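Derivation of every value follows stated rules applied to the coordinates shown; laboratory data play no part. Treat the numbers as computed from the prediction; the structure is a model and nothing was measured. Glycine also receives a Cβ, built like all others from the backbone with ideal geometry; neighbour counts cover every protein chain displayed.
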Amino acid sequence: MPVSIAMRAGPPDRSVEAVAAGRRVVIAEDSVLLLAGLTKLLESAGFEVAATTADATGLLAAVEREQPDVVIADVRMPPTHTDEGIRAALVIRSQWPDIAVLVLSQYVEERYAADLLSANTHGIGYLLKDRVADVAEFLDALRRVAAGGTALDPEVVAQLLVRRGGDPLDHLTERERDVLALMAEGRSNAEIAATLVITDSAVSKHINSIFAKLGLYPHDAGHRRVLAVLRYLGVDPALGRGAPLATGAAAARAACSTAMKESERSLAS
């Protein structure tokens, strides 16, 4: 049974100090139980759920009305339960590029993930719904996306790699591939170091080597981390369905998450 849009009375008040920047959320999910769970979880974590909806049409209307900081959307929603959610997410990325989008999916849909990454990697996430069960990990991913970073499910990354043939990545060492895989998930240098149990300096050296092997040199410093990840995932920003990432403001925005800026500063030293 469809769930009607629920929202707070009156227009959003951006001046309210209690609502932190990046904390206003619109949720699009047709599962009543998951929607209720997400709403309770986010509110308990300090987010403001500005609106909820069960279909793509309601999602676009809620985004236009509420102008949230971040959207959480199911890939498949009524009426056909095919790609309504992802199509709405792509519209949001096109019409409101400053709004972060975190997509949830029951299964890995590699084509949809590639579509989102081709459009823009600033403030974007793609997670399997199973990840919601790990509350800390899910909230970390949501905060990272809301701050302008990326959060890709490891399974999504793995599926995107399956469709790739021989390329310069074949020259990467096993450790360099491990580092690049974590970069693709949106992890910072410090998080990569902690996950692989190596030093921050070792992570920087691996990333420098990755850049060199992929032909991404210092003159690309503004966005070479993003380009390395896109090449790893087999997504060509110059041929994507959305605006090219390799040029213009999209590339600049994509490279401006906190983790990416910190990494570039350390690599330049």
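Once both labels are positioned 7 Å from their Cα atoms along Cα-to-Cβ, the gap between A36 and Y107 label points is 2.8 nm.
Modelled this way, with points 7 Å down the Cα-to-C-beta line, the labels at E64 and D178 are 5.0 nm from one another.
Counted by neighbouring Cβ atoms within 10 Å, the residues K129, K205 run from fewest to most as K205, K129.
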